[in-house]
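Since the structure comes first, as structure tokens, the remarks are kept for the end.
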Amino acid sequence: MLRLIDIAKEDGEPELEKAFWNTYHCQQNIVTADGRLYGDYCKNRFCTLCCSIRKADIINRYLPTIQKWEDLHFITITVKSCKEHQLEAYIKSLKGTFKKIINKYKNKTNEEQGKS
């Protein structure tokens with residue numbers, strides 16, 4: 001974090017420098033008691049501590065719904081962003097690609113079940 005603070009300072013980015021300092025202090029001032037972590041959290045998206053807390057909160061909110069699913073798979077798809085005027089066609093293309101992936105998986109599963 002200290003190196004990022006130096007870079008923000010060199011680039012003349014005072015707001016980013018302040019955010020990095022907040023993250024530095026967030027990660028340095030953590031107290032553990034009764035199996036829990038306490039501190040003044042910065043809530044910055046680049047703070048590993050705050051991101052882990054945010055992720056746990058999201059998991060806990062969706063967990064009741066996810067536990068009802070029978071065939072559970074987790075997938076992360078990342079793509080480069082596009083220009084606003086290309087967005088509709090881009091989303092349509094992504095949906096088509098995703099359907100192909102799902103169909104390929106279903107076909108493979110059906111073939112494997114037929115062999116058993």
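The values are calculated or read from the model by the stated rules, or taken from the named source; none is laboratory data. Values in this document were obtained by computation on a predicted structure and should not be read as measured data. Backbone-built Cβ (ideal geometry, glycine too); neighbour counts: all protein chains shown.
Observations on the structure shown:
- Screening the candidates Lys43, Lys80 for the property of being closer than 30 Å to Phe20 by Cα, free of Cβ contacts under 8 Å to residues at least 60 places away in the same chain, in the same structural domain as Glu17 (by TED's automatic domain parsing) and part of a loop (DSSP other than H, G, I, E, B) yields one hit, Lys43.
- Of the numbered criteria (1) at pLDDT 85 or above; (2) in contact with a Cys (Cβ under 9 Å, 6 or more places away or on another chain); (3) closer than 30 Å to Ile5 by Cβ, the one Thr48 fails is (2).
- Of all the numbered requirements in (1) surrounded by 10 or more Cβ atoms within 10 Å (Cβ to Cβ); (2) of a type outside the set (S, T, N, Q); (3) assigned by TED's automatic domain parsing to the domain that holds His25, Pro64 misses one, and that requirement is (1).
- Within the set Ile66, Ile58, Ile30, the sole residue that is of a type in the set (Val, Ile, Thr) and touching a strand residue (DSSP E or B) at 6+ places or on another chain (Cβ under 9 Å) turns out to be Ile30.
- Tyr24 vs. criteria closer than 30 Å to Phe74 by Cα, among the hydroxyl-bearing types (Ser, Thr, Tyr) and either touching a residue at least 12 places away in the same chain (Cβ under 8 Å) or surrounded by 16 or more Cβ atoms within 10 Å (Cβ to Cβ) (or both): no
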